[in-house]
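None of the figures in this text is laboratory data; all of them are computed from the coordinates on show. Given the structure is predicted, the values throughout are model-derived calculations rather than measurements. Methodologically, a virtual Cβ is constructed for each residue, glycine included, from the backbone with ideal geometry; neighbour enumeration extends over all protein chains shown.
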Amino acid sequence: MDDIPGSLGWPVIGESIAFIYEFSSPSGIFSFMNKRQQRYGKVFKSFVLGRFTVFLTGREASKILLTGKDGMVSLNLFYTGQQVLGPTSLLQTSGEAHKRLRRLIGEPLSVDGLKKYFQFINTLAIETLDRWSGRNVNVLEEVSTFTLQVIGNMIMSLEPSGREQEEFRANFKLISSSFASLPFKVPGTAFYRGIKARDRMYAMLDVVISRRRQGEVRQDFLESLIMKQAKTAGGEENDDKLTDAQLKDNILTLLVAGHDTTTAALTWLIKFLEENPPVLEQLRDEHRQIQVQRTEGTSLTWSEVNNMPYTAKVISETLRRATILPWYSRKAAQDFEINGYKINKGWSVNLDVVSIHHDPEVFTNPYKFDPTRFDTPLRPFSFLGFGSGPRMCPGMNLAKLEICIFIHHLVCRYRWKPLEKDDSVQPTLVRMPKNKYPVAVEPL
Ligand code: HEM
């Protein structure tokens with residue numbers, strides 16, 4: 001078995017300083033991976049944040065790691081993420097427990113399960129965009145408010161404005177920023193504030209869950225999970241029964257996994273459209289066609305939103321170019337072999353997805369934004385926008401639905417120009433434009 005090339009850096013700290021430094025650089029963590037790939041090749045080792053770490057890239061490695069090692073690897077969260085999300089989160093379970101949780105949350109997030117949220121999302125997108133006319137807006141902030149209002153309503157029928165929404169938003173922001181923080185749980189640190197905000201969020205959820213258990217009925221995600229339990233309330237063993245702790249851990253998981261990702265994707269998409277006028281024009285044509293075929297005075301319909309072929313390719317191309325989760329991380333639950341290298345139990349194994357998404361053998365002229373790449377099927381494991389295998393994103397239908405609705409109203413009503421030029425990314429786990437993409441908006 002070959003020895004994995006690479007450097008373990010200094011004793012104890014390893015290469016952690018370089019890792020943290022590159023994380024905050026304009027091109028983010030990719031530059032850490034890229035520099036070492038140039039030196040050592042597609043597979044290299046390092047010692048980062050207290051752990052032996054291996055970085056891999058390529059379609060073969062991704063197939064093995066994402067689909068072929070179920071049970072041999074678990075998701076690898078930072079310590080801060082583990083503490084904030086709680087032990088029964090989907091992201092912290094593996095094997096059978098993971099499969100069961102996926103089955104439970106998969107149904108309400110399926111295309112059919114999402115239909116009941118369509119009107120709410122559509123109205124909210126229109127109202128959000130009503131406020132953009134003739135103004136300068138920070139796209140990332142606006143989109144972040146929109147996606148949080150959507151998911152809060154979908155999960156627990158939270159009203160899009162008012163005191164509860166404000167509290168929810170303030171707590172969520174603190175939780176979100178604690179993920180990439182240093183693991184010091186002392187007052188004043190981002191991690192400490194994140195844990196406290198999580199406790200307040202759980203207290204809010206306790207109130208909502210108890211109202212539901214006392215008979216309040218709502219059409220939302222929480223309801224569908226609680227209803228499953230009620231179906232077999234006759235006393236027999238119920239495989240679908242989740243404790244309150246499991247409900248809370250997993251609701252928070254969906255919020256955390258679904259909010260920044262969708263916000264980033266929608267913001268990058270709006271940025272890429274402005275930078276690629278022919279793509280914007282073709283996209284606008286698709287949406288104008290939908291508009292002209294519609295009876296006057298009516299709004300977008302569920303069947304229209306499910307038939308936007310060019311928009312779907314623009315979304316995929318956005319996820320390829322932006323690669324908002326630049327690496328997928330796993331922890332070896334046992335010793336195993338990959339690409340002729342031995343991985344030891346406990347090691348962190350990471351797939352560099354940015355390189356896979358910019359492989360010139362699969363994507364000619366890889367830095368060009370070109371949705372027609374998705375006209376024909378791609379080679380397996382060359383596009384991993386929503387991942388693959390047992391941990392493939394369960395929220396992808398919701399994300400696509402939100403993006404299609406928002407984009408429809410945006411391109412039918414407005415043109416926009418960036419107020420500054422900056423391509424750097426934020427030092428967060430999810431890659432987002434650092435300057436939040438400020439634009440001037442004008443009606444068409
Ligand atoms: C455009 C938006 C989104 C993108 C690009 C995205 C991307 C991904 C990717 C790549 C993974 C797999 C990561 C890995 O294998 O390590 C993933 C997992 C996950 N996503 Fe998404 N996601 C998005 C939206 C959402 C939404 C809206 C939700 C929830 C409502 C969500 C919930 C999750 C969860 C819970 C997991 C973990 C699944 C598991 O471990 O079994 N995501 N997502």
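The Cβ shell under 12 Å around R193 holds other residues with a net charge of +4, Lys and Arg each +1, Asp and Glu each -1. Ranked for footprinting exposure by Cβ neighbours inside 10 Å, fewest first, Y328, Y414 give Y414, Y328.
Dipole check for the chain: with +1 at the C-beta of Lys and Arg, -1 at the C-beta of Asp and Glu, and the Cα centre as origin, the magnitude is about 660 Debye. Could you point to the residue in W347, V73, N365 farthest towards the positive end of the chain's charge dipole, with +1 and -1 charges on the Cβ of Lys/Arg and Asp/Glu respectively? Of W347, V73, N365, it is W347.
Between the alpha-carbon centers of region 398-444 and region 41-81, tell me the distance in whole angstrom. Cα centroid to Cα centroid, the span is 31 Å. With the charge dipole of region 57-443 set up from +1 on Lys and Arg Cβ and -1 on Asp and Glu Cβ about the Cα centre, the Cα lying farthest toward the positive end among the listed residues T128, V292, A245 is that of A245. The GluC sites (Glu not before Pro) of region 117-226 that DSSP puts in a loop, and whose beta carbon has at most 14 other beta carbons within 10 Å, are E216.
Taken over the Cα atoms of region 393-444, the convex hull encloses 79 Å³ per residue. For the options P108, P433, P366, a Gaussian network treatment of the chain with springs between C-alpha atoms closer than 10 Å singles out P366 as fluctuating the most.
Rounded to the nearest 20 debye, the dipole size of region 276-338 about its Cα centre is 140 debye, using +1 on the Cβ of Lys and Arg and -1 on the Cβ of Asp and Glu. When each of the peptides 247-255, 279-287, 424-432 is scored by the mean number of other C-beta atoms lying within 10 Å of its residues, the order from highest to lowest reads 247-255, 424-432, 279-287. Electrostatic tally near G152: other residues with Cβ closer than 12 Å to its Cβ, Lys and Arg +1, Asp and Glu -1, net -4. A helix-only calculation puts the chain at -16000 deg cm²/dmol for mean residue ellipticity at 222 nm, using -39500 (n - 2.57) for each DSSP H run of at least four residues, averaged over all residues. In this model, which of K63/K436; K248/K434; K45/K345; K42/K69; K63/K99; K331/K368 are farther than 23 Å apart at the alpha-carbon? Beyond 23 Å between Cα atoms: K63/K436; K248/K434; K331/K368.
Relative contact order for region 57-443: 28 percent, from Cα pairs under 8 Å spaced at least 6 residues apart, divided by residue count. Taken over the Cα atoms of the chain, the convex hull encloses 159 Å³ per residue. Listed by chain and number, the aspartates and glutamates placed with their C-alpha closer than 19 angstrom to that of K241 are E96, E107, D206, E216, D220, E223, D249; residues fewer than eight positions away on the same chain are left out. Look at the dipole of the chain built from charges on Cβ: of L283, A203, V48, the Cα furthest out on the positive end belongs to V48.
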